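Report on one structure; see the data block that follows.
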Amino acid sequence: MGKNERGPGNSAIMAVSLPPALGLSSAPDEIQHPHMKFSEWKFKLFRVRSFEKAPEEAQIEKKISSEGKPSLEQSPAILDETDGQKPALSQPALKAHPTFSKKSHDDGKAGDKAIHQANLRHLCRICGNSFKTDGHNRSYPVHGPVDGKTQVLLRKKEKRATSWPDLIAKVFRIDVKADVDSIHPTEFCHSCWNIMYRKFSSAPCEVNFPRNAPMEWHPHTPSCDICRSARRGLKRKSHQPNVQLSKKLKTVVARARRAHRHKKRARARISSKEVMKKISKCSDIHLSTKLLAVDFPAHFVKSISCQICEHILADPVETSCKHVFCRICILRCLKVMGSYCPCCQYPCFPTDLESPVKSFVSILNSLMVRCPAKECNEEVSLEKYNHHVSSHKESKETFVHINKGGRPRQHLLSLTRRAQKHRLRELKLQVKAFADKEEGGDVKSVCLTLFLLALRARNEHRQADELEAIMQGRGSGLQPAVCLAIRVNTFLSCSQYHKMYRTVKAITGRQIFQPLHALRNAEKVLLPGYYPFEWQPPLKNVSSSTDVGIIDGLSGLSSSVDDYPVDTIAKRFRYDSALVSALMDMEEDILEGMRAQDLDDYLNGPFTVVVKESCDGMGDVSEKHGSGPAVPEKAVRFSFTVMKITVAHGSENVKVFEEVKPNSELCCKPLCLMLADESDHETLTAILSPLIAEREAMKASNLVLEMGGILRTFKFIFRGTGYDEKLVREVEGLEASGSVYICTLCDATRLEASQNLVFHSITRSHSENLERYEVWRSNPYHESVEELRDRVKGVSSKPFIETVPSIDALHCDIGNAAEFYKIFQLEIGEVYKNPNASKEERKRWQATLDKHLRKKMNLKPIMRMNGNFARRLMTKETVEAVCELIPSEERHEALRELMDLYLKMKPVWRSTCPAKECPESLCQYSFNSQRFAELLSTKFKYRYEGKITNYFHKTLAHVPEIIERDGSIGAWASEGNESGNKLFRRFRKMNARQSKCYEMEDVLKHHWLYTSKYLQKFMNAHNAYRNSGFTLNSQPGVGDPIGLEDSLETQDSMDF
């Protein structure tokens, strides 16, 4: 505060200016501090201070004297200069004016406030105790940097807090950033410091907080407890106001003083800005806001300009108080003016500076500026300005961001090695001189030590530990995420991984692999339940908590319909939490897709996410220990795949992500695992109904998720296409596969489908099946069983999962291959001549076919058709081998033509995008399907007269309509879910435990981690190294009985 200013504390001091005609000498220039003992300042309330008379005051004074008003010379004040002290006015003899008495009363109130503020300086801000209770009288400033001892402790604990307000907020839950000096104390005691120190040192706390709750502070009142306790037992005398001055003279003095105060504050503001500009010295390296190509509003220009130099932000940084500056400007100001924010004086340190959010930086880089060169009138974005200016080498106006060499000022790491040497030449010479003098010429150790100290100073202790390990020759080790990817991909159990970890550490002396607790910490980020999110509007009948991990699939269900205890084990993720984790796992891919489409990074949506759902039984998964369990142990898995993500941009939807391999097990994320039979309708309904309820709730809501530092909106489209025919009939309430109603897409019967093989359309839907179930349940027309069955077209139970009417490409291949396998047997037995063959003869035909296929095609006989056998069976080579067993040439030609037509049609439903991959086959599909149907009804009439298989009907009648609706059939198949069956068995063996409940949890968790795209990147990097010639020891790992190469169960799986 300036010398001529009156603050709230010294308002009781009456400073009066006297005319120079009185011949009085001036009072001292220093301001008497208001917070003094009463005995010292009670006789100095009315001291005389002089200051230069303003011209307005002189005119007013002349006017007063001309009007005949009594001047100060005529007042009975007597000057006392006998003791050589400075003159003082004697006690006045004038009568006090009422207005002046009121003003003196206000000054007395201000004096009480000053006393209150002085009393606050002796109290602790946190607990309210007096500093006098501490024998050493130790105190610490509330607003300021931490002391050295606490700073050392925070560095050891890797804490980034550097100021007391942050520590007080963490320990005591008190926000001191908004404190007012007239209400709150500005220091805290040593006891509270001790509590904070022991809180972070993890030592047993011997000092207890003296209060149950933090101290509450209130403004000063006449009944203030603080002031009452301070003056307890002290009786003060009352003072009469000094009314020696007239009302007009006092008004003139107050007016002149206020004007002088405003001028001084304005000059202080202007001078502080000018000082900061002189400190930054950035006018030659930063762009002025006058070069902006667009005339933006003033508040926008202020938001993108530095608060110190008022230029456009260059390398912007953000302080903890959310003010933005140029990095060079703020660092220079902090070095010269102290560790305080130049805008709000909040404590600020170089370690607190952080980069702003990406959206702000992208907006800043997209600003258009004019080139300052005279001969150039171009407007370029700020991001490309340096590159543009480099073309004006001889222009004097383009001084911005250019060093003495005439090139754009680039970051040190972006320079060539020669340019780095040139820029660091002086520093290199200084370091070399120091190393020669102190360290025997070891420049490398000096540089590494400097780097290590810089990391420690910024509390980046993890990198510092890695650097220190390299300096000591111990190596830096692998990241926990890399070790987690290795463990999951090689199917190592906890004991196997820990044995490998200890063995490698004992042999090499280095901690290459991370311990298991570090891997568990890395798992938390990748599993559902880690990221916060919000639904707008909130999901109906779904909890709003976001930290939900693995839950029991049978929660709330104690018994089944038949009132026997449920022995089914089911573990699952909550659907919305799993979708959030999957989106955050693909964050880099989504942002990269937006950049590839030239979209802004700060685009917040809405994003549309298309999800493919799959559900299938895994058959018998029981452990084969000796005789095995009495009852086969069957399992069911429900999973989903994020197929495509689009974002609304203008009037069109732009695709930012599309799954490249939609049928790979690497992208098919498990949602629910259950030890149950897929034929058990009651159990399946009880477990999957909560999932379906969550899915239905998500359809009518939008997800709000922070991605890339920006809140973005997502909405979901669910397509249940990954179901085989058996499960579709189960969840849609249809009769079994042997029903008269052959198709799950239309209402055709088996007889109608055999008579009309091609011309059918999709008529069934989930809503229609629900309506037919109500008709089946209530029988409103009082019909007989056969009539009612014909009316509902095969619906016999309530549908509970909505599926998309489609064809599962994988099971379509398997079903058609099984039918061709049957045709081969019948052709070998010449059934077209002798249709009434016995059962023994048919078995002999099958044995002959199996023996011949094993000899010619190396196809081993199987009990049940699977995908691999079907792919190898459906080839022209197989037909040629079968023709060797058939004597008739006419049948040879029929079989070859039938297989040829099938192989032409197969790519249409198997390819991911048939319009791009096989356009000719797609165009010829209708012709090929009609010719295929004609062959079945003529050459193979003995097999297909009055009947046809389900998948032959779907292949011939519904493929073109589905392709026209969805664009693909193969991309929406359940192959990824089927490929996960082997993974289930491997992960179950990996996590074998006594309790099957925990075993299912670990299987679900590790299967989810196996599909993480973040972990897949590490394994892809290994594949790239291996393909470029870098090899690892392919021997089995320590304690790994299966070997590393044996873990490659499927074609698309990750390998190590």
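The values are calculated or read from the model by the stated rules, or taken from the named source; none is laboratory data. Since this is a predicted model, take the numbers as computed values, not measurements. Cβ placement follows ideal geometry from the backbone for every residue including glycine, while neighbour counts extend to all protein chains displayed. When the accessible area is computed, the model is the full protein with side chains, heavy atoms only, and any ligands, DNA or RNA have been set aside. Shrake-Rupley method; radii C 1.70, N 1.55, O 1.52, S 1.80 Å.
Fully extending the segment from Ser796 to Asp966 would add 58.3 nm, taking 0.36 nm per residue of separation and subtracting the current Cα-Cα distance.
The share of accessible area on the stretch 808-856 that comes from carbon and sulfur is 47 percent, using a 1.4 angstrom probe. Under Stokes-Einstein, with the Kirkwood radius over Cα pairs as Rh, the value for the stretch 691-824 at 25 °C and 0.890 mPa s is 141 µm²/s. For the pair Thr133 and Ser622, a Förster radius of 56 Å applied to the C-beta separation gives a FRET efficiency near 0.15, rounded to the nearest 0.05. For the stretch 571-721, what does the alpha-carbon gyration tensor say about shape, rounded, prolate or oblate, given a ≥ b ≥ c as the root eigenvalues, a/c under 1.5 as rounded, and a/b over b/c as prolate? Cα axes put the stretch 571-721 in the prolate bin.
The Lys109 and His299 beta-carbon pair, evaluated with R₀ = 56 Å, returns a calculated FRET efficiency of approximately 0.90. Which net charge results when you count Lys and Arg as +1 and Asp and Glu as -1 among the other residues whose beta-carbon is under 15 Å from that of Asn604? Neighbour charge sum, excluding Asn604 itself: -2.
Estimated from the Cβ-Cβ distance and a Förster radius of 51 angstrom, the FRET efficiency linking Arg985 and Arg777 is about 0.80. In terms of the Cα gyration tensor, with a ≥ b ≥ c the square roots of its eigenvalues, is the stretch 818-884 rounded because a/c is under 1.5, prolate because a/b exceeds b/c, or oblate? It comes out prolate by the Cα gyration axes. Enumerate the residues in the stretch 858-897 having an amide nitrogen under 16 Å from the point lying 7 Å beyond the Cα of Asp850 toward its Cβ. Of the residues in the stretch 858-897, 858-866, 869-870 have backbone N under 16 Å from the label point off Asp850. Once both labels are positioned 7 Å from their Cα atoms along Cα-to-Cβ, the gap between Ser414 and His218 label points is 5.9 nm.
Let me make sure I get this right: for the stretch 847-997, a, b and c are the square roots of the gyration tensor eigenvalues over alpha carbons, sorted descending. Under 1.5 in a/c it's rounded, otherwise prolate if a/b > b/c, else oblate. Which is it? Verdict is oblate for the stretch 847-997.
Note on Lys726 and Glu786: their simple-model spin labels are 3.1 nm apart, each label 7 Å out from Cα toward Cβ.
With the gyration tensor restricted to C-alpha atoms of the stretch 896-961, the semi-axes of the equivalent ellipsoid amount to 23, 12, 9 Å, longest first. Here the simple spin-label model places points 7 Å from the Cα toward Cβ, and for Asn365 and Ala259 these points are separated by 5.5 nm. Separation of the stretch 469-518 from the stretch 749-801 is 60 Å, based on Cα centroids. For Leu895, neighbours were defined as the other residues whose beta-carbon sits under 12 Å from its Cβ, and their charges (Lys and Arg +1, Asp and Glu -1) total -4. Available extension along the chain between Gln345 and Lys432 is 27.3 nm, counting 0.36 nm per residue and deducting the alpha carbon span.
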